[in-house]
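Have a look at the structure below before the remarks.
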Amino acid sequence: MGLKILEEHKPQSLSQKSHFTGCKSTAEWLLAQKAARPQVGIVCGSGLGGLGEMLKDQVVFKYEDIPSFPQSTVLGHTGQLVFGMLEGKPCVCMQGRFHLYEGHPVQKTTLPMRIFKLLGVKTVILTNAAGGLNEDYKVGDIMIIKDHINMPGFAGVNPLAGKNDERFGVRFPCMSDAYDRDLRQLAQDVGEELGYKDFLREGVYCVLGGPSYETIAECRMLHRLGADAVGMSTVHEVIVARHCGMRVFALSLITNKAVMDYNSEEKANHEEVLQTGKQRAEQLEKLVSSMVSRIKHN
Ligand SMILES: O=P(O)(O)O[C@@H]1C[C@H](O)[C@@H](CO)O1
Ligand SMILES: Nc1nc2[nH]cnc2c(=O)[nH]1
């Protein structure tokens, strides 16, 4: 896309107008560039950007060209917003998300969720790479997220902190139903049909701020608290997506086993995270696309 066109249509930055108006002009700007109005929004986790390549009739925007959009800085997060058709449904896919540890304020990490909403998205599907805390989990398992623990939230880091804008949602949104039950069941059904039973799990995801991986004591503590997997994303996006009434489904790819034993020689590292992503990408993509083909919207 030519730079000239981008400049001509570029709306004011978010800081110059209300947050709602800013999100709305970014959404309108995207739709004005011939992007089809999406029903499903997809967020790709570390090394899982291949999902975006499955979209047909693509219209692609680099994050740096989108007004008021943050920039991706992490290896394995390309930094593109892809519009296109997946299994006959109009979708938008973030190839790269924003994390607290990149230095973004939490509200900025979740800004795309509000843009999704204003674009017309009804269902959000999020993926992430996570460390497995549950002893039964193996590297390469795919965990359907049934609930979360928002550890930064315990210290007041919540994307909904600050003045509430009722145009997005209520002041005190419920989170006990954050992960849509029907979509989780659909994932189980589709997973079984695809022959994924041996590596499909369902569990609780815990978010930490990162970027350092967990100590052994932290992993042991999180496990005792009821977390099955630990990561550095997703939860804040889920909170904002639910606040504005979108349905949410989320998956963790267990890319490494959390180290729980002082005698272990294993060390968490981002290379292993990306490598596991590569190995399981195809199955994860198949699961998501088969789900999208069966999701119904009124
Ligand atoms: O964006 P996700 O949550 O998939 O990425 C995880 C968390 C860190 O960004 C990175 C650590 O390896 O992977
Ligand atoms: N916090 C955290 N994030 C991850 N992302 C991928 N693996 C891990 C992990 O072990 N811990």
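The values are calculated or read from the model by the stated rules, or taken from the named source; none is laboratory data. Treat the numbers as computed from the prediction; the structure is a model and nothing was measured. Note: ideal-geometry Cβ built from the backbone for every residue, glycine included; neighbour counts use all protein chains shown. Note: areas computed on protein heavy atoms with side chains; ligands, DNA, RNA excluded. Shrake-Rupley method; radii C 1.70, N 1.55, O 1.52, S 1.80 Å.
The charge dipole of the chain, taken about its Cα centre with unit charges on the Cβ atoms of Lys, Arg (+1), Asp and Glu (-1) only, comes to about 1160 debye.
Along region 64-76 the Karplus relation, 6.51 cos²θ - 1.76 cosθ + 1.60 evaluated at θ = phi - 60°, assigns HN-Hα couplings of 5, 8, 8, x, 6, 8, x, 10, 7, 10, 9, 4, x Hz to successive residues, with x for each Gly and Pro.
Of the beta bridges in the chain, as assigned by DSSP with both residues counted there, near 35 percent are antiparallel. Helix 181-193 against the longest principal axis of the chain: what's the angle in degrees, Cα atoms only, rounded to the nearest 10? On a 0 to 90 degree scale, this one is about 60. Summed over the residues of the chain and divided among them, the accessible surface reaches 45 Å² per residue at a probe radius of 1.4 Å. Below 18 Å, Cα to Cα, which aspartates and glutamates can Lys267 reach? Residues fewer than 8 away in the same chain don't count. Partners within reach: Glu135, Glu214, Glu218.
At 37 °C and a viscosity of 0.692 mPa s, what translational diffusion coefficient does Stokes-Einstein give for region 41-89, taking Rh as the Kirkwood radius over Cα pairs? Give it in µm²/s as a whole number. Walk me through the numbers on the way to the answer.
Numbers: Rh = 11.5 Å.
After rounding, the answer is 285 µm²/s.
With the simple spin-label model, which puts each label point 7 Å out from Cα in the Cβ direction, the Lys34 to Glu192 separation comes to 4.5 nm.
Overall size of the chain from C-alpha positions, given as principal axis extents largest first: 60, 42, 34 Å. Within the accessible area of the chain, the carbon and sulfur atoms contribute 50%, probe 1.4 Å, all protein chains present. Of the residues Ser264, Ser233, the one with the largest accessible area comes first in the ranking Ser264, Ser233, computed with a 1.4 Å probe on protein heavy atoms. Note on the chain: dipole from Cβ charges, positive end direction compared against Gly209, Ile149, Ser293; the farthest Cα belongs to Ser293.
Across region 227-234, rounded Karplus estimates of 3J(HN,Hα) from the backbone phi angles (6.51 cos²θ - 1.76 cosθ + 1.60, θ = phi - 60°) give 8, 9, 8, 10, x, 10, 7, 6 Hz, Gly and Pro being marked x.
At a 10 angstrom cut-off on C-beta neighbours, averaged per residue, how do the peptides 192-205, 94-107, 163-176, 276-289 rank from highest to lowest? Numbers along the way, then the final one.
Numbers: 192-205: 16.3, 94-107: 20.2, 163-176: 12.5, 276-289: 18.4.
Ranking, from highest mean packing down: 94-107, 276-289, 192-205, 163-176.
Helix 216-225 and the longest principal axis of the C-alpha atoms of the chain enclose an angle of approximately 80°. Reported to the nearest whole Å, the Cα centre-to-centre distance from region 209-282 to region 145-188 is 18. Comparing Ala258, His243, Cys219 along the charge dipole axis of the chain, the residue lying farthest to the positive side is His243, per the Cβ-charge model.
Converting phi to 3J(HN,Hα) with the Karplus coefficients 6.51, -1.76 and 1.60 and the offset θ = phi - 60°, region 111-125 yields 3, x, 5, 6, 5, 3, 4, 6, 7, x, 5, 9, 10, 10, 10 Hz in sequence order, with x at every glycine or proline.
With +1 assigned to the C-beta of every Lys and Arg and -1 to the C-beta of every Asp and Glu, and no other charges, what is the dipole magnitude of region 57-191 about the Cα centre in debye, to the nearest 20?
Numbers: 14 positive and 15 negative charges, 91 e Å.
In debye, rounded to 20, region 57-191 gives about 440.
For region 244-280, GluC sites (Glu not before Pro) are listed when DSSP marks them as loop and at most 15 other Cβ atoms sit within 10 Å of their Cβ; the list is Glu265, Glu266. In the chain, the longest principal axis of the Cα atoms and the axis of helix 270-294 are about 60 degrees apart. For Lys24, the aspartates and glutamates whose Cα comes closer than 15 Å to its Cα, not counting residues fewer than 8 places off in the same chain, are Asp165, Glu166.
Taking only the Cα atoms of region 122-236, the ratio Rg/Rh comes out at 0.99, with Rh defined as the Kirkwood radius.
For region 52-172, what is the convex hull volume of the alpha-carbon atoms per residue, in Å³? Walk me through the numbers on the way to the answer.
Numbers: hull volume 19.0 nm³, N = 121.
Spread over its residues, the Cα hull of region 52-172 gives 157 Å³ apiece.
Exceedance of the 22 Å cut-off in Cα-Cα distance is limited, within the set Lys56/Lys197; Lys117/Lys296; Lys89/Lys286, to Lys56/Lys197.
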